[in-house]
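Notes follow once the structure below has been shown.
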Amino acid sequence: MDKRKFLRTACLAALGLAGGARGAAASLLPPDPVFGRSFADLQGREQALSAYVGRPVLMNFWASWCAPCVREMPLLETLHQRHPDLALLGLAIDTRANVERFLEKIPVSYPVLLTGTQGIPLMRELGNKSGGLPFTLLFDRRGRVADSIMGELKPDDIQARLSRIL
């Protein structure tokens, strides 16, 4: 192998662009910056999102006043029950009082965290430029965005998307 070809192959491998090195280099990439944040749970305790890196994550931004969000809550609860390896998080762009009243009517067993108004710029950072709800992100086990869904989840569609990260 000549020097030029050797250097090109070495550079591509270092960048993770050469065949066998792709997986190894990809695993060195840091998780999405969202996992450096924390939000309060309904008991007022801060929960670090970094605790979820290492598992596939479905992160759903919602609000109690959002009709499509309300309609998809039973589906999210079903997914949470059906996929124990999946970390499902509800990030409420709402007040604690509104969320507590809502969950009395439609309880869920997955963690709900309160983002308040911080959730809107966070969604925009994560690709939801319009700030619309509901907004769902799927993260792989390394904490990197694998997929995003703007709008209400559909059962067959979300199952197919989840199969790529589970």
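Excluding ligands, DNA and RNA, what is the solvent-accessible area per residue of region 59-153 at a probe of 1.4 Å, expressed in Å²? Walk me through the numbers on the way to the answer.
Working: 4150 Å² over 95 residues.
Result: 44 Å² of accessible area for each residue.
Please compute the net charge surrounding Ala48, taking Lys and Arg as +1 and Asp and Glu as -1 over other residues with Cβ under 15 Å from its Cβ.
Details: positive: Arg37, Arg45, Arg55; negative: Asp32, Asp41, Glu46.
Spelling it out: positives minus negatives among the neighbours equals 0.
What is the distance in Å between the Cα centres of region 111-136 and region 48-76?
10
Among 38-49, 129-140, what's the highest-first ranking by average C-beta atoms within 10 angstrom per residue?
Values: 38-49: 13.5, 129-140: 19.2.
Per-residue mean Cβ counts within 10 Å order the peptides as 129-140, 38-49.
Would you mind working out the magnitude of the charge dipole of region 40-115 relative to its Cα centre, with +1 at each Lys and Arg C-beta and -1 at each Asp and Glu C-beta, to the nearest 20 Debye?
Values: 7 positive and 8 negative charges, 14 e Å.
In total the dipole reaches around 60 debye.
Sorted by mean Cβ packing within 10 Å, highest first, what order do the peptides 146-158, 90-102 take? Write out the running numbers ahead of the final one.
Values: 146-158: 14.4, 90-102: 18.5.
Packing proxy ranking, top to bottom: 90-102, 146-158.
The values are calculated or read from the model by the stated rules, or taken from the named source; none is laboratory data. Note that the structure is a prediction, hence the values are computed from the model and not measured. Every residue, glycine among them, receives a Cβ derived from its backbone with ideal geometry; neighbour counts consider all protein chains shown. Accessible surface areas use protein heavy atoms only, side chains included; no ligands, DNA or RNA. Shrake-Rupley method; radii C 1.70, N 1.55, O 1.52, S 1.80 Å.
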